Amino acid sequence: AQSVSQHNHHVILSEAASLELGCNYSYGGTVNLFWYVQYPGQHLQLLLKYFSGDPLVKGIKGFEAEFIKSKFSFNLRKPSVQWSDTAEYFCASGSARQLTFGSGTQLTVLP
Amino acid sequence: NAGVTQTPKFQVLKTGQSMTLQCAQDMNHEYMSWYRQDPGMGLRLIHYSVGAGITDQGEVPNGYNVSRSTTEDFPLRLLSAAPSQTSVYFCASSYKAGGPPNNEQFFGPGTRLTVL
């Protein structure tokens, strides 16, 4: 069975700091990877996705992620966070007919 | 388009009661799914459907039933609620019958369920 690991449960940053959230997946076959964000009181929204091609994927709101096959990783990055980025971030791996989510990382950005 | 809608937003049940969580989408999506979200565990797939009349189990199906009589609706039924089913439930849909991995899933606003 697939699994997705997110290493950081809670990250606290000051505005303008750089962000990197770790994500590792276990599936060895063809993978499709996603990052979703859940702002307080809202439903999940897609930040970015990787299916194939350029391993550096750019998403919305200045986020990007890099797929490193040799490390089974798909880390999320943003060069300069804002207070409005405070949210919970979920990495997910898709194959067959299911998405498998990581446990999530709560990001708190201090003004 | 309203997207994916869920009702109710909040629900409190007593152990042993039954209820149905409603989910509807107006995007003509073939694939629909139900997840539960618990602290520290992310989202876990309960059941999914690749089209009307076709459903299958996900990671945590026990205690839940689903049916898909129309493309638009995908209700989730709790036959005899238990405290372990206290959670936030999200419905999601995507365009292709194959669902992920090739399509973005659109999520509903969630239903917060408490079982006493």
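Antiparallel beta bridges, as assigned by DSSP with both residues in chain B, represent about 90 percent of the total such bridges. Sorting A:H9, B:H47, A:H43 on solvent-accessible area from highest to lowest, probe radius 1.4 Å, gives A:H9, A:H43, B:H47. Residue by residue, the stretch A:44-52 carries 3J(HN,Hα) couplings of 5, 10, 6, 8, 6, 8, 10, 10, 5 Hz when phi is fed to the Karplus relation 6.51 cos²θ - 1.76 cosθ + 1.60 (θ = phi - 60°); x denotes Gly or Pro.
Taking the Cα centre as origin and putting +1 on Lys and Arg beta-carbons and -1 on Asp and Glu beta-carbons, what dipole magnitude results for the protein assembly as shown, to the nearest 20 debye? So the dipole magnitude of the protein assembly as shown works out to roughly 260 debye. Here the stretch A:24-76 is assigned +1 on the Cβ of each Lys and Arg and -1 on the Cβ of each Asp and Glu. Its dipole about the Cα centre then comes out at about 40 debye. The trypsin sites (Lys or Arg not before Pro) of the stretch A:2-111 include none that meets both conditions, a loop assignment by DSSP and at most 13 other Cβ atoms within 10 Å of the site Cβ. In this structure the amide hydrogen of A:A17, modeled in the peptide plane, comes within under 5 Å of the amide hydrogens of A:V81, none closer than 5 places in sequence on its chain. Amide H contacts of A:L47: A:W35, A:Y36, A:V37, each under 5 Å away and 5 or more positions distant or on a separate chain (H built 1.01 Å from N in the peptide plane; Pro and chain starts excluded).
Only the Cβ atoms of Lys and Arg (+1) and of Asp and Glu (-1) were treated as charged; on that basis the dipole of chain B about its Cα centre amounts to roughly 360 debye. Backbone geometry of the stretch A:88-94 corresponds, through the Karplus equation with coefficients 6.51, -1.76 and 1.60 at θ = phi - 60°, to 3J(HN,Hα) couplings of 9, 10, 10, 8, 9, 10, x Hz, x marking Gly and Pro. Proximity of backbone amide H atoms, modeled 1.01 Å from N, is registered between A:Q106 and A:H10, A:V11, A:Y89 at under 5 Å, excluding neighbours fewer than 5 places apart on the same chain. Per residue, the protein assembly as shown exposes an accessible area of 46 Å² to a 1.4 Å probe, with every protein chain left in place.
The values are calculated or read from the model by the stated rules, or taken from the named source; none is laboratory data. Please read all numbers here as calculations on a predicted model, not as lab measurements. We place every Cβ from the backbone using ideal geometry, glycine too, and count neighbours over all the protein chains shown. In case anyone asks, the SASA skips ligands and DNA or RNA and just uses the protein heavy atoms, side chains included. Shrake-Rupley method; radii C 1.70, N 1.55, O 1.52, S 1.80 Å.
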